[in-house]
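Notes follow once the structure below has been shown.
The values are calculated or read from the model by the stated rules, or taken from the named source; none is laboratory data. Predicted model, so just to flag it, every value in this text is computed and none were measured. Methodologically, a virtual Cβ is constructed for each residue, glycine included, from the backbone with ideal geometry; neighbour enumeration extends over all protein chains shown.
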Amino acid sequence: MNNMKVKHRLALGFGGLLAIIIIAMSVAIVQIRELQGNIDEIANQNIPRANMAATVANNINIATRSVRNMLLMTDAQQIAGQQKQLDDTLASISEEMARLSPGVPEA
C-alpha cells in the first residue's frame, strides 16, 4: 500500500466509500419496501376492522339506551319506536359482526 501513488490511494478510498454507500442505499430500499408492506397491511386490514369494531361498540351503546328508554317509558307509541330502533340496531350489529368475524384471528 505504501508503494501506491496518492492518486491511486484516493481512488481506492473513494471507491470503497462509494461501495459502502451503495450497500447502505440497497439495505435502505429493502427496508422501505418492507415498511410499505406493513403500512399497506395496516391501512387495508387493521383500520377497517377497527372501524367495524367501533361501529359495533357504538351500536351496542344505542341498543342499551333503547332498552333503558323502553323500561322508563309508559307511552306505548314511544315504546314501539324504541323497539323499532332496537331491532334496527341489533340487525346492524349482526351485519357488522358477520363482516368482522372472517377477518378476526382466533385468540
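The table below lists the values:
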{"item": "Selection count where residues are polar (S, T, N, Q), farther than 19 Å from Q82 by Cα and touching a residue at least 24 places away in the same chain (Cβ under 8 Å), scope region 24-70", "result": "2"}
{"item": "Filter result (at pLDDT 90 or above, among the aliphatic types (A, V, I, L, M) and not in a helix (DSSP H, G or I)) within region 49-107", "result": "M73"}
